[in-house]
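All remarks here apply to the structure that follows.
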Amino acid sequence: MVDELKQAAARAAALLLQDGMIVGLGSGSTARMAVAAIGERVQAGLKIVGIPTSELTANQAKDLRIPLSTLGEYPQADITIDGADEVELGTLNLIKGGGGNQLREKIVAVASSRLVIIVDERKLVNRLGSRAKVPVEVAQFGWQATSRHLEKLKAHPGLRLSPDGSPFVTDGGNYILDCAFEPFDPAALQRDLDSVVGVVEHGLFIEMASLVLVGASGGVRWLERSGKTA
């Protein structure tokens, strides 16, 4: 049932695309559904260029014959479609990076005119950080020292591991510390994390999403940052 709700939101997002658009292609299980829906539209004649945010997304898009490029060739994307681990109602602030791709996702999102997020209704929260930890991508070199600095921010950091028990390594060659922060102010925490040496990027996406499409039992809900719903 949950997958059906996410697929409905993914299809709605794919319908936003128009010929000639440069489209950021998100990462993660929900974004994968959106890429599949976009692939169907491309096979039906839609002409776009995709900017993938991970190697897995790039491979999926190639299989679907979605034309791909880079921000080097197209510095500005028209729209990025991606998923999220949490969406704060009202603000549409996000926690992302459960799949370990927050660095590339944020680079592409910042270079996009619109960031459209697709989720199922379980991802909606009244306060950011209610359920999801904040992924913090850190340089491998001296990551233990970086972790100690994060502890001073009451982060309770834990090194993310791969299924084989080794440290998880991002596409950029970094580690991830999943941080269970105590109740926080998102903008203030973002500033604090940005100031920690060794932090490459983090999963707080503050004031970046313009639209969230929510797969819900009553149909797809449209949430805008102003708080308007449809």
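Of all residue pairs spaced 6 or more apart or on separate chains, those with beta-carbon atoms under 8 Å, a first member in the stretch 129-156 that is under 16 Å from residue 203 (Cβ atoms) and a second member that is of a type in the set (Ser, Thr, Tyr) and surrounded by 18 or more Cβ atoms within 10 Å (Cβ to Cβ) are 137/170; 137/175; 138/146; 138/147; 138/175. The residues on offer are 177, 159, and the sole one that is under 20 Å from residue 100 (Cα atoms), touching a Ser or Thr at 6+ places or on another chain (Cβ under 8 Å), surrounded by fewer than 18 Cβ atoms within 10 Å (Cβ to Cβ) and aliphatic (A, V, I, L, M) is 159.
Residues that are touching a strand residue (DSSP E or B) at 6+ places or on another chain (Cβ under 7 Å) and of a type in the set (Ser, Thr, Tyr) were ranked within the stretch 28-55; the one that is farthest from residue 85 (Cα to Cα) is 53. The lone criterion from (1) at pLDDT 95 or above; (2) of a type in the set (D, E, K, R); (3) not in a strand (DSSP E or B) left unmet by residue 178 is number (3).
Please specify each residue of the stretch 72-87 satisfying the condition of being over 17 Å from residue 20 (Cβ atoms), surrounded by 22 or more Cβ atoms within 10 Å (Cβ to Cβ) and not aliphatic (A, V, I, L, M).
Within the stretch 72-87, the subset over 17 Å from residue 20 (Cβ atoms) is 72, 82-87.
Adding the requirement that they be surrounded by 22 or more Cβ atoms within 10 Å (Cβ to Cβ) leaves 82-87.
Those that are over 17 Å from residue 20 (Cβ atoms), surrounded by 22 or more Cβ atoms within 10 Å (Cβ to Cβ) and not aliphatic (A, V, I, L, M): 82, 83, 85, 86.
Could we say that residue 69 is at pLDDT below 95 and surrounded by fewer than 23 Cβ atoms within 10 Å (Cβ to Cβ) here? Spelling it out, it is not the case that residue 69 is at pLDDT below 95 and surrounded by fewer than 23 Cβ atoms within 10 Å (Cβ to Cβ). Out of 223, 213, one residue alone is among the aliphatic types (A, V, I, L, M) and in contact with a Phe, Trp or Tyr (Cβ under 7 Å, 6 or more places away or on another chain). It is 213. Please tell me if residue 90 is at pLDDT below 95, of a type outside the set (A, V, I, L, M) and under 26 Å from residue 175 (Cα atoms). Considered against the rule, which asks whether it is at pLDDT below 95, of a type outside the set (A, V, I, L, M) and under 26 Å from residue 175 (Cα atoms), residue 90 comes out as no. Inclusion of residue 3 among residues that are surrounded by fewer than 20 Cβ atoms within 10 Å (Cβ to Cβ), over 14 Å from the mean Cα position of the chain (by Cα), of a type in the set (Asp, Glu) and not in a helix (DSSP H, G or I) is not warranted.
The values are calculated or read from the model by the stated rules, or taken from the named source; none is laboratory data. Every value quoted in this text rests on a predicted model; they were computed, and no experiment measured them. FYI the Cβ positions are ideal-geometry reconstructions off the backbone, even for glycines, and counts take in every protein chain you see.
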